[in-house]
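The numbers here are math on the coordinates, done by the rules we state, and not lab data. Treat the numbers as computed from the prediction; the structure is a model and nothing was measured. Glycine gets a Cβ as well: all are built from the backbone with ideal geometry, and neighbour counts include every protein chain shown.
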């Protein structure tokens, strides 16, 4: 009986040794393959070093943007001869910088009052920052490139979508405590919309498309020409028609 038990125990030990050996062999092969792949992709056998180096490269190089300006601009100028792209490009970049400044200083007053929808967007993000107890910094903001990404015409409105490659040093502080690494260099893309209302009565679901909402409670403005929110009574600014307006800014 003792001999049988010894044989069984010896068998278990042998199986354990084989499994351990197989695991070590598999780990060695996987490690070897990872080093080969890392060497081929990043030029270093260390995957960690390769990924860190790639992150540094991404932080250095500006993001590419969807450049459809040469294709879209002739169509826009045919529809709107008074549209001056260089002027609007500069204006949009200035507004984008003001938008980031508003987020950093937690005040939508850095955005002109003409851009009520952008002020509302900034206010919502600032409210979220305060709720989470964080502050964001955007320093040394640099816009490398701004291009027209798309031009679309719908019933009652025209819309130009822009895309900008933006560089800045970003830091998020929690309860005024700085992160150990300090501000981190980032390269990001931001999308903007220019909207021209030709006939608001023809715009389908215009409250959603144009962000026509109450600045106080966020309820949609469902009646054309409304000067007050029908839900909370707050005064609202009528939507401008037949004029280009910077309508929305979004980080990709």
Potential lengthening between residue 250 and residue 176 on full extension [0.36 nm per residue; Cα-Cα distance subtracted]: 24.1 nm
Span from the segment 81-124 Cα centroid across to the segment 129-203 one, whole angstrom: 9
Packing-based exposure ordering (other Cβ within 10 Å, fewest first) of 105, 31: 31, 105
Anisotropy class of segment 59-162 from Cα gyration tensor, a/c 1.5 cut: prolate
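Taking 0.36 nm per residue of sequence separation and subtracting the Cα-Cα distance, how much length would be gained by fully extending the chain between residue 141 and residue 234, in nm to one decimal?
Details: separation 93, 0.36 × 93 = 33.48 nm, distance 3.53 nm.
Working it through step by step, the gained length comes to 29.9 nm.
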Footprinting exposure proxy for 245, 91, 174 (fewest neighbouring C-beta atoms within 10 Å first): 174, 91, 245
